[in-house]
4 protein chains.
Amino acid sequence: MIIVMKPSATEGEIADVVERLTAESARVQRLDGERVTLTAGGGATGGATGGPTGRGHIDTMPGVDAVLPDGAGTPMVAPREPAIPASEVRGFEVRGRWIGGDEMFIAAGPCSVEDPATMHGIAEAVAGAGATALRAGAYKPRTSPYSFQGMGEEGLAIARDAADAHELLLVSEVVDAIQIPVAARYVDILQVGARNMANTSLLRELGRARRPVLLKRGLAATIDEWLGAAEYLVSAGNPHIILCERGIRTFETATRNTLDLNAVPVVRGRSHLPIVVDPSHGTGRRDCVQAMARAATAAGADGLLIEVHVDPDNAISDAAQTITPETFRRITRDVRAIREALA
Amino acid sequence: MIIVMKPSATEGEIADVVERLTAESARVQRLDGERVTLTAGGGATGGATGGPTGRGHIDTMPGVDAVLPDGAGTPMVAPREPAIPASEVRGFEVRGRWIGGDEMFIAAGPCSVEDPATMHGIAEAVAGAGATALRAGAYKPRTSPYSFQGMGEEGLAIARDAADAHELLLVSEVVDAIQIPVAARYVDILQVGARNMANTSLLRELGRARRPVLLKRGLAATIDEWLGAAEYLVSAGNPHIILCERGIRTFETATRNTLDLNAVPVVRGRSHLPIVVDPSHGTGRRDCVQAMARAATAAGADGLLIEVHVDPDNAISDAAQTITPETFRRITRDVRAIREALA
Amino acid sequence: MIIVMKPSATEGEIADVVERLTAESARVQRLDGERVTLTAGGGATGGATGGPTGRGHIDTMPGVDAVLPDGAGTPMVAPREPAIPASEVRGFEVRGRWIGGDEMFIAAGPCSVEDPATMHGIAEAVAGAGATALRAGAYKPRTSPYSFQGMGEEGLAIARDAADAHELLLVSEVVDAIQIPVAARYVDILQVGARNMANTSLLRELGRARRPVLLKRGLAATIDEWLGAAEYLVSAGNPHIILCERGIRTFETATRNTLDLNAVPVVRGRSHLPIVVDPSHGTGRRDCVQAMARAATAAGADGLLIEVHVDPDNAISDAAQTITPETFRRITRDVRAIREALA
Amino acid sequence: MIIVMKPSATEGEIADVVERLTAESARVQRLDGERVTLTAGGGATGGATGGPTGRGHIDTMPGVDAVLPDGAGTPMVAPREPAIPASEVRGFEVRGRWIGGDEMFIAAGPCSVEDPATMHGIAEAVAGAGATALRAGAYKPRTSPYSFQGMGEEGLAIARDAADAHELLLVSEVVDAIQIPVAARYVDILQVGARNMANTSLLRELGRARRPVLLKRGLAATIDEWLGAAEYLVSAGNPHIILCERGIRTFETATRNTLDLNAVPVVRGRSHLPIVVDPSHGTGRRDCVQAMARAATAAGADGLLIEVHVDPDNAISDAAQTITPETFRRITRDVRAIREALA
């Protein structure tokens, strides 16, 4: 059973509900987000001991807004849970740019931050082509401990300078909760990478952060599990979440991943959160990025995340999937044309 | 080693090459397509005994056009094998409609042929909305022997009548070589279903048929294997092949299959054959068909294959993924708009 | 609805049931196996028009043994469908050898038949090491039309001679119904390859053949679909089916396939048919075959299918996964030891 | 380039190498494990700028033991890297029990710690049946934030008491680096769950911990990536790693995961680290655990991880895959029998 308290609920009212629940079930958990949420019994996907607590005992108590059954899924990210009125407007604002609305959110840049000159060159090029944000990694999760792990805070500072010089938002990944306060000084949107989608500790900390989060889908995560990860963030207090489809792992070897654009309409039916698509990781091939950026736009994505470098062949990482500013310019032109055609 | 003979090669020239090859290798195979192709040694993906036959022995013999090494892949479907000049123009004509060119090829209709009245109603609706072809199954490959296996020749006759009444081409599946002569009396484009993509006996017989073939990708076929299946058809003499991406099998359960739109740009880079997309099987969900039809068009597909029924809830099969004529009409409008926007 | 007639049902009784069903539903199908089976309405996994026919109308009619609902799955291969008493004993006899009982069924030999001398050498070696049967392919389903497609009937004759000389059963694949009468003159157990598991035309013809069938699991077939394919064979009249797990297709590239030994206990719980395992295709690596043959035996498999060659490096096909007679001898020793240890 | 310093290398020698590398490449990283490892250029899987640094410049410098090229993979976990002599003996000791040797390491217990009485009952039962270790989760990574997240330190204390009372080692999962010092007070072997296999921050912290680590394979991790995760642990200074195969995610829905026993011989060929198997998560079905425990043993696993509860139907989590002590006793008997048979 999941009990959603009213925003106006007092600590006394919360304590009364906890007491009632504790009297009936051994396990009560409290989540402090925009509202307080209490779970009792096995919770959403719990075991056999859901317990005998009837909803009738709880839903008339002062301060209680809604009582949802175990298995209620992801009520905080759902489009319109009857008991929890969704906001009227889809999306949210980040420093003057609305994400999830009429304008596409387009983040572009290198896989990893390199030197300042390269970074500025890339920022200038993508800003000129119509990007909303700069993407650049300073903390890199790599398969091998011997691979380049990123420039850390030094990289964040370089990227921030480049973004500011060209009026771009900055998106960058954190791989550890300890990096959040540092990254939050430089970054507008904190990214959770595919390898960390199910890192619930990191999710909970980001749920308490005062920064929007771009949440990539895990390599083998179902859409259910991905929305579950978003629910961790929202239930912990952070409503500003962007979902990012970046390809899933399949048997096909012609591409690095299989970009699952089916996820776009499925997620739009099941969540009010904006969804963007990363055709760079989703294909792993330069020669496929433009086609899939077009496809993602037509499928209804709210934005794109694309790896761009002024000299792709010499990018430190992900060279095979990184495109030139010229190709990126063609993509932003396509995106506008498709959006207008389908308006 | 693969030896491609000239179109003008005489039987005597072919016999000379076979004799030379036989003298040097135990295994020589002959494929009679538009050109005769001979393979010697292990062939394209053979074992260890590729043999010592040097290309120099063969490529100067009369009637020989090209000698390709083992592992040459799919030369007949490739865009432009140096030794085998591709046709100047992409695509081909079927009864006055060009497939693979400026106009999208859109086949629409029910999963299975039902009664004549229903069939005519559907044909009228999809023709009015701009379909190129009617699709309707008379021989159904089903997982269970107790499921409805289709109406057979009676169904083909019903579908042919409906297609003719509304000036539509007819696409329908065969699941056995024995059905080819019967189906060829009614059907303009013979379909190979996903479950039969690797049925090499069926492919070879269709390679000898005088009808274009729509070749669906297998549920777990790599793009390489799919092009290999097309190579069976082309090397056996049938150059009129349409490839159809229809979703692959992955761990995701929110959709019936994962539509792999990456395949569109990958195939366009590796083959001159037209490629169409089936968003009905590719998603298995009515609420996703329109979004993925848009996405497929934007990705560069040459056409669409869509399940449409005047009363989807009461379709005999595939009800969950079948859309109404009204939704289909919105899709054809979208397709035109996207094509124009990207022209 | 699936109606299973009694073995003793007369044609008149069958006709009466068909008449009753036809009066109530447009689609009635008849399958002639060991018993006659009738399906009405959508069948096991049919569409929306399952129809109003009540079971009560049918199950008291003369000659009717059982009436099963749509979705009844695979009653003919099930362990013990209440209405269809299973045979007391698991397995069946093939020319004096019991398959599915106390003795492991071990088929070994080359991927493809080669020359008579090599074939005899292999047969002698595997017979000496304790094999039950010789496996050798004469009709090969290959990804490329330019690859060696097998020796055909000549290969079958060579393999038969070798098997007879060493008192082995012979297992060999057919890829087309047209090959069945030829193959049946030479082969004791006809194999359906992974690529043809869903070739329902081939399955139906093999269901009418008077030869046991070894049915490999498809590359991406669920266990449900695999049992459905077996149901095609059994419902068409052939009760002598051996299931063969041979690995499924996953994202892992260290091995050719992922051998799904989970399938062994799952199938044993859902079917009375014997199940054997192919660790050669299931791993694609010589250095893994012995370990996985041990594992399959311990998991409860009724037998093994293993690629063995006197000179694996020079095998025409599948060289990378083919083992020597010496390794094979160690495997048969392991199999006996594990069986005894768990007896 | 990866430079492995000698165990005896001085800080001065290390500094000299770093200086030389820095002069030639912008990116130098240092890993402090049992030996110091330096990487320069792109590292193992870096980008285009591997750099011109020749091995000849480095490998004769004082204190350098080996210089490995980029792409050298996982030298620390490899069986016998020429330049890094492996220990003579496979495995290691944990509080008097040798893991990776003649005796199987068998960890058994509930998914989650529950109350003390239940915990003691389970510990008594599994100890009596021959378990080496108790497994029990106190920090649970769950798909939904509303699911039970574990008892935390209170749970660890309960589990420790139960383990001590029955002379069992204790295995328990950590999901956040912050839990390591707490968990290390109670737990003998720290577990990394499948969802955190690629959480490189957690891996690095565990690499510095003074506790052996059981590293589960990620849901969609290749064997390469799994060994890469182990390399993170070993290169950070912790040589006591146990790998745990627990099933991968595939299209099959009859089982929760597909247990990939192929991984056992593949890993044994590529690493000196012990490998154990979890047939509970690997199948998700009680009726398959015994068969797959047998199979894992026969495949060559060094141990098993099994969910056991005195009242499986009322286990808080993973009820469907949890077995009784009686079934567990049969498994330990089987394991002994198979080990002896194959000795």
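The values are calculated or read from the model by the stated rules, or taken from the named source; none is laboratory data. None of the values given here were measured: they were computed from a predicted structure. Every residue, glycine among them, receives a Cβ derived from its backbone with ideal geometry; neighbour counts consider all protein chains shown.
Going through the stretch D:1-40 one residue at a time, which ones are away from chain A (no Cβ under 13 Å), among the polar types (S, T, N, Q) and farther than 14 Å from D:D65 by Cα?
D:T22 - this is the single residue of the stretch D:1-40 that is away from chain A (no Cβ under 13 Å), among the polar types (S, T, N, Q) and farther than 14 Å from D:D65 by Cα.
When A:V276 is evaluated against the numbered criteria (1) assigned to a strand (DSSP E or B); (2) without any contact (Cβ under 8 Å) to a residue 24 or more places away in the chain, which criterion, by number, is the only one it fails?
(2)
Pick from the stretch C:213-252 the residues that are among the aromatic types (F, W, Y) and either surrounded by fewer than 24 Cβ atoms within 10 Å (Cβ to Cβ) or at pLDDT below 95 (or both): which of them is farthest from the chain's Cα centre (by Cα)?
C:F251
Restricting the search to the stretch C:296-319, which residues are in contact (Cβ under 8 Å) with a residue 60 or more places away in the chain and assigned to a helix (DSSP H, G or I)?
C:T297
Of the residues in the stretch D:275-289, how many are of a type outside the set (D, E), facing another protein chain (nearest Cβ under 8 Å) and out of contact with any Lys or Arg (no Cβ under 6 Å at 6 or more places or on another chain)?
Residues meeting the conditions: 3.
Would you confirm whether any residue within the stretch B:159-171 is outside any helix (DSSP H, G or I), under 28 Å from B:E124 (Cβ atoms) and of a type in the set (D, E, K, R)?
Looking through the stretch B:159-171, at least one residue is outside any helix (DSSP H, G or I), under 28 Å from B:E124 (Cβ atoms) and of a type in the set (D, E, K, R).
Being surrounded by 24 or more Cβ atoms within 10 Å (Cβ to Cβ), more than 13 Å from the chain's Cα centre (by Cα) and within 14 Å of chain C (Cβ to nearest Cβ) is the filter here, so list the residues in the stretch B:157-182 that pass it.
Correct list: B:V175 only.
Just to be sure before I move on: is B:R330 over 19 Å from B:R268 (Cα atoms), within 13 Å of chain A (Cβ to nearest Cβ) and surrounded by fewer than 19 Cβ atoms within 10 Å (Cβ to Cβ) in the structure I sent?
Taking the combined requirement at face value, the residue satisfies it.
Being in a loop (DSSP other than H, G, I, E, B) and more than 7 Å from chain C (Cβ to nearest Cβ) is the filter here, so list the residues in the stretch B:143-154 that pass it.
B:G150, B:M151, B:G152
Would you be able to tell me the number of residues in the stretch A:207-242 that are assigned to a loop (DSSP other than H, G, I, E, B) and facing another protein chain (nearest Cβ under 9 Å)?
Adding up the residues that qualify gives 6.
Starting from residues that are of a type in the set (G, A, S) and not in a helix (DSSP H, G or I), keep the ones in the stretch A:254-273 and report whichever is nearest to the other protein chains (Cβ to nearest Cβ).
Checking each candidate, the answer is A:A254.
Test B:A198 against the stated conditions and say whether it is in contact with a Leu (Cβ under 7 Å, 6 or more places away or on another chain), facing another protein chain (nearest Cβ under 10 Å) and closer than 19 Å to C:A220 by Cβ.
no
Taking only the stretch B:299-327 into account, find how many residues are over 26 Å from B:V267 (Cβ atoms) and charged (D, E, K, R).
Total meeting the criteria: 3.
State all residues of the stretch C:310-327 that are surrounded by fewer than 19 Cβ atoms within 10 Å (Cβ to Cβ) and at pLDDT below 90; if no residue qualifies, say none.
Once the filter is applied, which keeps residues that are surrounded by fewer than 19 Cβ atoms within 10 Å (Cβ to Cβ) and at pLDDT below 90, the stretch C:310-327 yields only C:N314.
A quick yes/no check of all residues on (1) within 24 Å of D:L31 (Cα to Cα); (2) touching a Gly at 6+ places or on another chain (Cβ under 9 Å):
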residue	(1), (2)
D:Y232	yes, yes
D:D260	no, yes
D:A263	no, no
D:L273	yes, yes
D:V276	no, yes
D:R286	no, no
D:A298	no, no
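May I ask you to list the residues in the stretch B:114-133 that are touching a strand residue (DSSP E or B) at 6+ places or on another chain (Cβ under 7 Å) and within 12 Å of another protein chain (Cβ to nearest Cβ)?
None - no residue of the stretch B:114-133 is touching a strand residue (DSSP E or B) at 6+ places or on another chain (Cβ under 7 Å) and within 12 Å of another protein chain (Cβ to nearest Cβ), so the list stays empty.
Conditions (1) part of a loop (DSSP other than H, G, I, E, B); (2) at pLDDT 85 or above; (3) more than 27 Å from B:P110 (Cα to Cα); (4) touching a helix residue (DSSP H, G or I) at 6+ places or on another chain (Cβ under 7 Å), marked per residue:
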residue: C:E34; (1), (2), (3), (4): yes, no, yes, no
residue: C:T39; (1), (2), (3), (4): no, no, no, no
residue: C:A44; (1), (2), (3), (4): yes, no, no, no
residue: C:T49; (1), (2), (3), (4): yes, no, no, yes
residue: C:G56; (1), (2), (3), (4): no, no, yes, no
residue: C:P62; (1), (2), (3), (4): yes, yes, yes, yes
residue: C:V67; (1), (2), (3), (4): no, yes, yes, yes
residue: C:D70; (1), (2), (3), (4): yes, no, no, no
residue: C:P75; (1), (2), (3), (4): yes, no, yes, no
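Take the residues in the stretch D:2-26 that are touching a Gly at 6+ places or on another chain (Cβ under 7 Å) and in a loop (DSSP other than H, G, I, E, B), then tell me which one is farthest from D:G63 (Cα to Cα).
Selected residue: D:S25.
When you go through (1) within 14 Å of chain D (Cβ to nearest Cβ); (2) over 25 Å from D:L203 (Cα atoms); (3) part of a helix (DSSP H, G or I); (4) free of Cβ contacts under 8 Å to residues at least 12 places away in the same chain one by one for A:F251, which number turns out not to apply?
Only one criterion is unmet by A:F251, namely (3).
Part of a helix (DSSP H, G or I) and either facing another protein chain (nearest Cβ under 9 Å) or crowded, with 20+ Cβ neighbours inside 10 Å (or both): is that true of B:A293 in this structure?
yes
Conditions tested, residue by residue: (1) in contact (Cβ under 8 Å) with a residue 40 or more places away in the chain; (2) within 19 Å of A:E205 (Cβ to Cβ); (3) among the β-branched types (V, I, T).
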{"residue": "D:S112", "(1), (2), (3)": "yes, no, no"}
{"residue": "D:D115", "(1), (2), (3)": "yes, no, no"}
{"residue": "D:I122", "(1), (2), (3)": "yes, no, yes"}
{"residue": "D:V126", "(1), (2), (3)": "yes, no, yes"}
{"residue": "D:G130", "(1), (2), (3)": "yes, no, no"}
{"residue": "D:G155", "(1), (2), (3)": "yes, no, no"}
{"residue": "D:R160", "(1), (2), (3)": "no, no, no"}
{"residue": "D:L168", "(1), (2), (3)": "yes, no, no"}
{"residue": "D:N196", "(1), (2), (3)": "yes, yes, no"}
